[in-house]
Every structure is written in structure tokens, then in C-alpha cells.
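Take a look at the structure set out below.
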Amino acid sequence: MAQTHFGFQTVDERDKVGRVRGVFDSVASRYDVMNDLMSLGLHRAWKAYAVAVAAVREGDRVLDIAGGTGDLARAFARKVGSGGSVVHTDINEAMLRQGRDRLLDEGLVLPTALCDAEALPFASASFDLVSVAFGLRNMTHKERALAEMNRVLKPGGRLLVLEFSKVAAPLSRAYDLYSFKVLPLIGKLVARDADSYRYLAESIRVHPDQQALKRMMKDAGFGHVDVHNLSAGVVALHVGIKC
Ligand SMILES: C[S@@+](CC[C@H](N)C(=O)[O-])C[C@H]1O[C@@H](n2cnc3c(N)ncnc32)[C@H](O)[C@@H]1O
């Protein structure tokens, strides 16, 4: 049976989805506060940058994959107006519920779908933009997920992948210290779950770096891919065009 990564552990491919589900079931209720704490609020700037680069227009159809608590879906919904649509999706029910409730509290009713990025329940060529923020890293078959994202995009449509990436070398020691010592401690104190935040740090280290992900996106059918490094490579925004 094929093996894959779950953080630094090597696990049977069939076990990874369940383990990732366990992480997000555990953190869902504290996800937003932990995001602000762990990134010192920077995740808001990274997402705002992605939304600015996306430049969606009124009437666009947008699919947000691994949308979790809905930050990107909410931002895109404001841009596409009543003539467009934003579909908010995730594989994890607890995360999707948190997001849906939060959006409802803000007066936003978006179509929501519980689905696996590796087998999207949408027709081919049906979206102008697909986004996935901090989700690809958790997927078992990233190539399959990227191919699905390509399939559901219209020709000329764009995929935005916002994800942790490889930090610039001069920062790597400090970043390691923060990731492996401070993050699990914050996780333990705030979310009462050090392991999930250890997984977060480990999963970032085994995720493809900027150039490797660019190659994967090209292999998945994106004719042109731009890479934007954010915060010295802590995060990268990959923009792929289906052409
Ligand atoms: C770190 S959260 C990101 C949430 C949100 N996009 C954000 O940026 O705040 C990662 C999300 O990926 C989702 N996920 C993991 N594997 C997935 C898959 N195969 N298909 C769809 N979503 C997945 C998880 O359930 C989780 O909600």
C-alpha cells in the first residue's frame, strides 16, 4: 500500500484523511483565534494580498476550496456582487460549520459544500477563479487535487494557492525555533492541543517549496504560473492560469 507524509510521520495513504480530519475537528472552535495569535495577525495581510491579486469582478463565479472558517469566501463574496457567486467548500464538517455560522452572523448566505478537493462535485469549466488557502498542504494526493482545480476552471480562469512555503535561509533558524518550540506551546495553552500545532509545523516542512509547487501546477495543466513570496517566503501565493 502506498505511503505518504503526515507531518514528519510516514503513514499509509488511506490513513491520512482521517488523521487530518482529527486535527481540524480538534482545532475548529479555536481556529480563528489561533490563526491571529500564531501569525501575529499576518494571515489577514496574506489573505488580503491574495484577494487583491485575484482581482475578481462583479458577476464572477468563484470556488473556495478548503475554505474553513470562510475568510476568503467572505472577501470574494463582497467583490462578485449579487450577479456572481462564491461557493464555500471544505472536507471537514466542523470547519465548514464554523465558517458557515460566522458568515451567516455577518449576513452572508453562500452556497456551501462538504467535499474533497481531490474529487470536486462541480462541472468542468464552471468557475472563473478557484482559491485554496492553507489547505493544499493537508491533501493526500496534491497532483489529483490540482488537476481537479484545473478541470473546474473555465479556460483563462485562475487558480490561487496561498500556502506556507520555504522561508529565506537567513531566517530559517529563528523560524524553526518559533515553529517547533513556540507554536506547540501556544497550541497547548490556547487550544489545549499541542500535537495539532506540531503537525502544522511539520507539514510545512514536508510541503513542496516554491519551485516544486510551480512545477506541480504546470504538470496539472496551468500554462502560466506566477509565484509571489510573502514575508520572506514564510508564505507563497502561486497564481496559475488555465490556458
Ligand atoms: C488550515 S485550514 C485553512 C482554512 C482557510 N482556508 C483559511 O485559510 O483560514 C485547512 C483546511 O483544509 C481542509 N482540507 C484538508 N484536506 C482537504 C481536502 N482533501 N479537501 C478539501 N479540504 C481539505 C481542512 O479541513 C481545513 O479546513
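The values are calculated or read from the model by the stated rules, or taken from the named source; none is laboratory data. Just so it is clear, the structure is predicted and the values come from calculations on it, not from any experiment. Cβ atoms come from the backbone with ideal geometry, glycine included; neighbour counts cover every protein chain shown.
Each residue in segment 165-190 was checked for being touching a residue at least 24 places away in the same chain (Cβ under 8 Å) and closer than 26 Å to Val11 by Cβ, and 8 of them qualify.
Looking at Leu104, Leu162, just one residue is more than 14 Å from the ligand (Cβ to nearest atom) and over 20 Å from Glu13 (Cα atoms), and that residue is Leu104.
Pairing residues of segment 191-208 that are closer than 13 Å to Val234 by Cα with residues that are part of a helix (DSSP H, G or I) and among the aromatic types (Phe, Trp, Tyr), at Cβ distances under 7 Å and at least 6 apart in sequence or on separate chains, gives Ala201/Phe180.
Just need a number here: residues in segment 123-133 that are in contact with a strand residue (DSSP E or B) (Cβ under 7 Å, 6 or more places away or on another chain) and surrounded by fewer than 21 Cβ atoms within 10 Å (Cβ to Cβ). Working first, answer last.
Restricting attention to segment 123-133, the residues satisfying the condition of being in contact with a strand residue (DSSP E or B) (Cβ under 7 Å, 6 or more places away or on another chain) are 125-133.
Narrowing the set further to residues that are surrounded by fewer than 21 Cβ atoms within 10 Å (Cβ to Cβ) leaves 125-126, 128.
Total satisfying the criteria: 3.
Kindly check whether there is at least one residue in segment 107-116 that is under 30 Å from Tyr178 (Cα atoms), surrounded by fewer than 20 Cβ atoms within 10 Å (Cβ to Cβ) and either within 18 Å of the chain's Cα centre (by Cα) or of a type outside the set (D, E, K, R) (or both). No; the residues of segment 107-116 include none that is under 30 Å from Tyr178 (Cα atoms), surrounded by fewer than 20 Cβ atoms within 10 Å (Cβ to Cβ) and either within 18 Å of the chain's Cα centre (by Cα) or of a type outside the set (D, E, K, R) (or both).
Exactly one residue out of Glu93, Glu143 is within 28 Å of Lys218 (Cα to Cα) and among the acidic types (Asp, Glu): that is Glu143.
Please tell me if Val80 is surrounded by fewer than 21 Cβ atoms within 10 Å (Cβ to Cβ), farther than 22 Å from Arg192 by Cα, β-branched (Val, Ile, Thr) and free of Cβ contacts under 8 Å to residues at least 60 places away in the same chain.
Numbers: surrounded by fewer than 21 Cβ atoms within 10 Å (Cβ to Cβ): yes; farther than 22 Å from Arg192 by Cα: yes; β-branched (Val, Ile, Thr): yes; free of Cβ contacts under 8 Å to residues at least 60 places away in the same chain: yes.
Answer is yes for this residue.
Scanning segment 148-173 for residues that are out of contact with any strand residue (DSSP E or B) (no Cβ under 7 Å at 6 or more places or on another chain) and surrounded by 15 or more Cβ atoms within 10 Å (Cβ to Cβ), we see that the one that is nearest to Lys242 (Cα to Cα) is Arg151. Among the residues making up segment 157-190, those that are at pLDDT 95 or above and in contact with an Asp or Glu (Cβ under 8 Å, 6 or more places away or on another chain) are Gly157, Arg158, Ser165, Lys166.
Restricting attention to segment 68-125, the residues that are under 19 Å from Met139 (Cα atoms) and not hydrophobic (A, V, I, L, M, F, W, C) add up to 11.
Within the set Leu96, Leu104, the sole residue that is surrounded by 17 or more Cβ atoms within 10 Å (Cβ to Cβ), in a helix (DSSP H, G or I), at pLDDT 95 or above and not hydroxyl-bearing (Ser, Thr, Tyr) turns out to be Leu96.
Restricting attention to segment 5-44, report how many residues are touching an Asp or Glu at 6+ places or on another chain (Cβ under 6 Å) and within 12 Å of the ligand (Cβ to nearest atom).
The first filter runs over segment 5-44 and keeps only residues touching an Asp or Glu at 6+ places or on another chain (Cβ under 6 Å), leaving 7-8, 26.
Add one more test, that the residue is within 12 Å of the ligand (Cβ to nearest atom), and what stays is 26.
Selection size over segment 5-44: 1.
Check whether at least one residue in segment 119-128 is modelled with pLDDT of 95 or more, within 12 Å of the ligand (Cβ to nearest atom) and under 19 Å from Gly18 (Cα atoms), and report yes or no.
In the first step, residues of segment 119-128 are kept if they are modelled with pLDDT of 95 or more; the result is 119-128.
Checking the rest, the ones that are also within 12 Å of the ligand (Cβ to nearest atom) come to 119-121.
Next cut, under 19 Å from Gly18 (Cα atoms) only: 119-120.
So far as segment 119-128 goes, yes, one or more of its residues are modelled with pLDDT of 95 or more, within 12 Å of the ligand (Cβ to nearest atom) and under 19 Å from Gly18 (Cα atoms).
Candidates Arg57, Arg78, Arg61: the one that is away from the ligand (no atom under 13 Å from the Cβ) and in contact with a Phe, Trp or Tyr (Cβ under 6 Å, 6 or more places away or on another chain) is Arg61.
Here are the criteria: (1) crowded, with 17+ Cβ neighbours inside 10 Å; (2) closer than 20 Å to Asn229 by Cβ; (3) acidic (Asp, Glu). Tell me which single one Asp176 does not satisfy. Of the numbered conditions (1) crowded, with 17+ Cβ neighbours inside 10 Å; (2) closer than 20 Å to Asn229 by Cβ; (3) acidic (Asp, Glu), the odd one out for Asp176 is (1). The set of residues in segment 40-59 that are under 17 Å from the mean Cα position of the chain (by Cα) and either of a type in the set (D, E, K, R) or at pLDDT below 95 (or both) comprises Arg44, Lys47.
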